[in-house]
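Notes for the one structure printed next.
The values are calculated or read from the model by the stated rules, or taken from the named source; none is laboratory data. Since we're looking at a predicted model, the values are computed, not measured. Neighbour counts are summed over all protein chains in view; Cβ atoms, including those assigned to glycine, are modelled from backbone coordinates with ideal geometry. Ligands, DNA and RNA are stripped out before the accessible areas are found, and what is left, the full protein with its side chains, is counted by its heavy atoms. Shrake-Rupley method; radii C 1.70, N 1.55, O 1.52, S 1.80 Å.
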Amino acid sequence: MRVFVPLFCMLFPFLVLAQQTPKDSITQLEEVILMEDSVPKKAVGITASTTIGPTTFERFNPTDFASVINQIPGVYMLSGALNTNRITIRGVGARTPFGTDKLRLYFNGIPVTNGTGFSTIEAYDFENLGSIEVIKGPKGSAYGANLGGAILLETKAPSTEETRLINTFTIGSYNMLKDNLSFTHYDNKFRISLSYNHLETDGYRQNNRFERDGVLLNTTFQLADKSSLSYVLNYIDYTAYIASSINQTDFEEDPTRAASNWLAAQGFEANNYVLTGLSHTYQFSDKLKNTTSIFYTYLDHYEPRPFNILDEFTNGFGFRSQFEGQWGTGTYVLGTELYKDEYHWGTFQNLYAENNGNGSLKGNQLSRNTEFRRQFNLFGSLTYPLSTRFSAQLGLNLNKTHYQFRDLFNAGDANTSATRNFDAILLPNLGLRYTLTNGQLYANVSRGFSNPSLEESLTPEGIINPDIAQETGTNYELGGQFAWLNKKLTLDWTLYRMDINNLLVAQRVGEDQYIGKNAGETRHQGLELDVKYRTYLSKQLLITPYLGYTFSDHVFVDFVDGDNDYSGNPLTGVPRHRLTSGLDLQHSNGLQLNLNHQFVDKIPLTDATSIYSEAYHVFHLKLGYRAQIATDFSLGLHAGINNVFDTNYAQSVLINAVGFGGAQPRYFYPGNGRNYFAGIRLGYDF
């Protein structure tokens, strides 16, 4: 595959003058959602959501998932490494030490969030995605009503009858190599997309090697005029060495360092992940459709860490059924979703200190546990026009959660097995929309919840805490979408406030030990703006400046932790201001230039606000080119620079870090320094 590199260098100077205009993105206002490249939305009615697609994806390095997600106002993805990500929406989930929780993640309509609410975004190659849709807050009744909201990932799908083979190959700094080979076929009875992807990189830091292979299969059979059957298989196998967070001194002096204990243990994680699902769609009539899915997920995870070795696997399975129909002049959605998983894990001694510098060595077993987790959702919504311009939507979600914990290691009085059965919770929402000549206004009031994670549900002794309660909150939202100058200028704005009670706080009581408690109340309020302007500077040159802004005024209303009263302090882990801006230039000859800037304000790192991360600006640049070089062959070239000015910045942080054994607390995950990438895309139409 490395032969593509000299080919890229030779061809690029000579082929920048001959291509058709790339497909433009389109902003539509028929529903309360921003559309990109006419990507169909899944959130129906007045459920406000934001969708991004290929126009946004192609601005960035194909490994830079975080920059893509961070283009959406109100959504913030902190990325400590390719395998260490945390997505927060309007500050919800910002206090989670590791990973993404308090939202629901769906892949081609299948729920892939595990039984305690954690989602793994790194299990998907975003080169395979056709769109990412984000519902901010709990207003999406059909998608779980979690406080953070929902993220809906949809794979690429052929839009016309075609048979095509495409290979995209990218190399870059830190010995990065990425290849995505995809085959698609579409006729009137059968669609298939099959892709293989490979990614490897040594990483910016010590002990930062990452290697991943994946296969994605997506098929649809048209069984009859009214019936179709779809099958999806996503398989990912990756090994990621872990540099972990570092202290402020190391961050300032040499951000390429790994944490010393993780480096000595040569800590890593190895994951095998499988998602497979079968969906059937039946169109009863023009006014009624049903889609029913059954699915299975499997995760095998092995992680040698300085303090112990974690060996775990999870089996998950469930179904989802949704009816969509018309009732008079209104529309409705009615459905149910069941997700169950079985989580098996054990820990072992890590004898790396006795292994003569050869890294981790498995010792005696320390624990062996199993947890059975079940979530059931029943949902429905009705959208009804009250006049030609005014419509309303009423939604309802019912959630029931159950945990059963089994201690398989200890016997007798030391055994900590227990069951936790949460009460059913009813979560309503009401949406209103008023259509104007050049846009629309919408409002929403909704109620949401978050379950405690596994760690939060246990006491320091490993016993299920019967007193831990679900977080609940009420969300208020007012927004609008407008288009002027023949839709060249678009504005999407939102004001929101969410009051969260029974705040779940994960307290660190050991190097790998967290416990949870309900500590009080937070208030999340803010403003989100998304502005785009599209115009032709000449008949050949299209220019699109854009700006996204997030203002977050998130505070602890009532938060007392022991002898410390943090009431009135800003919410830990959330920057007050974030800004993304950029400029897209597209020439009719196929040349495209993308300039992107991101600003992140300082972030409070402790509940006492005694330490903040520094605010930063980071700039990215990408140059692309597409051409149809023959009837059946297409060529694409791309090259770019990430972090143009080589800024030293924290791309992720660990809040309330504690230093053990007199060491400094490790708050910071450094972002990559200035780095480069280049690639080639070859397509063949059969």
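Considering F57, F98, F118, F65, the condition of being of a type outside the set (S, T, Y), over 30 Å from H344 (Cβ atoms) and at pLDDT below 95 is satisfied by F57 alone.
Being over 25 Å from the mean Cα position of the chain (by Cα), among the hydroxyl-bearing types (S, T, Y) and not in a strand (DSSP E or B) holds for only one residue in T606, T631, T647, and it is T631. Assessment of the stretch 611-625 against the conditions (over 28 Å from Q651 (Cβ atoms) and modelled with pLDDT of 95 or more) yields at least one matching residue.
With a requirement of 1 or more residues that are under 23 Å from G679 (Cβ atoms) and without any contact (Cβ under 8 Å) to a residue 60 or more places away in the chain, the strands (runs of 3 or more DSSP E) lying completely within the stretch 161-264 that satisfy it span 176-186, 190-201, 210-224, 227-241. Being in contact with a strand residue (DSSP E or B) (Cβ under 8 Å, 6 or more places away or on another chain) and at pLDDT below 95 narrows it down to one of A639, A608, so name that one. The unique qualifying residue is A608.
Picking from residues in the stretch 507-556 that are within 24 Å of the chain's Cα centre (by Cα) and among the polar types (S, T, N, Q), the one that is modelled with the lowest pLDDT is T522.
Residues checked against (1) of a type in the set (A, V, I, L, M, F, W, C); (2) under 24 Å from K136 (Cα atoms); (3) assigned to a loop (DSSP other than H, G, I, E, B); (4) touching a residue at least 24 places away in the same chain (Cβ under 8 Å):
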{"residue": "V555", "(1), (2), (3), (4)": "yes, yes, no, yes"}
{"residue": "F559", "(1), (2), (3), (4)": "yes, no, no, yes"}
{"residue": "L593", "(1), (2), (3), (4)": "yes, no, no, yes"}
{"residue": "Q598", "(1), (2), (3), (4)": "no, yes, no, yes"}
{"residue": "V618", "(1), (2), (3), (4)": "yes, no, no, yes"}
{"residue": "L637", "(1), (2), (3), (4)": "yes, no, no, yes"}
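Residues that are in a strand (DSSP E or B) and over 18 Å from E200 (Cα atoms) were ranked within the stretch 265-275; the one that is most open to solvent (accessible area, probe 1.4 Å) is V274.
Scan the stretch 206-233 for residues that are of a type in the set (K, R) and either open to solvent by 30 Å² or more (accessible area, probe 1.4 Å) or touching a Pro at 6+ places or on another chain (Cβ under 7 Å) (or both) and report the count. Explain how you work it out, then say what you get.
Step one: of the stretch 206-233, the residues of a type in the set (K, R) are 209, 212, 226.
Still in the running and either open to solvent by 30 Å² or more (accessible area, probe 1.4 Å) or touching a Pro at 6+ places or on another chain (Cβ under 7 Å) (or both): 209, 226.
Adding up the residues that qualify gives 2.
Filter the stretch 276-299 down to residues that are touching a Phe, Trp or Tyr at 6+ places or on another chain (Cβ under 8 Å) and among the hydrophobic types (A, V, I, L, M, F, W, C) and give me whichever is surrounded by the most Cβ atoms within 10 Å (Cβ to Cβ). My answer is F295.
Take the residues in the stretch 332-352 that are part of a strand (DSSP E or B) and among the aromatic types (F, W, Y), then tell me which one is nearest to the chain's Cα centre (by Cα). Spell out how you get there, then give the answer.
In the first step, residues of the stretch 332-352 are kept if they are part of a strand (DSSP E or B); the result is 332-350.
Next cut, among the aromatic types (F, W, Y) only: 332, 339, 343, 345, 348.
Values: Y332: 28, Y339: 20, Y343: 22, W345: 25, F348: 31 Å.
In this case the residue turns out to be Y339.
Residue count for the stretch 306-331 satisfying the condition of being over 28 Å from the mean Cα position of the chain (by Cα), closer than 26 Å to G144 by Cα and crowded, with 16+ Cβ neighbours inside 10 Å: 3. In the set (1) at pLDDT below 95; (2) more than 23 Å from I87 (Cβ to Cβ), T572 fails one condition alone, (2).
Here's the yes/no breakdown for (1) in contact (Cβ under 8 Å) with a residue 12 or more places away in the chain; (2) surrounded by fewer than 16 Cβ atoms within 10 Å (Cβ to Cβ); (3) in contact with a Leu (Cβ under 8 Å, 6 or more places away or on another chain):
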{"site": "L361", "(1), (2), (3)": "no, no, yes"}
{"site": "R373", "(1), (2), (3)": "yes, no, no"}
{"site": "S381", "(1), (2), (3)": "yes, no, yes"}
{"site": "H402", "(1), (2), (3)": "yes, yes, no"}
{"site": "D407", "(1), (2), (3)": "yes, no, no"}
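Given the residues I33, I52, I87, which is the only one that is within 30 Å of L571 (Cα to Cα) and either modelled with pLDDT under 70 or open to solvent by 50 Å² or more (accessible area, probe 1.4 Å) (or both)? Exactly one residue qualifies, and that residue is I33.
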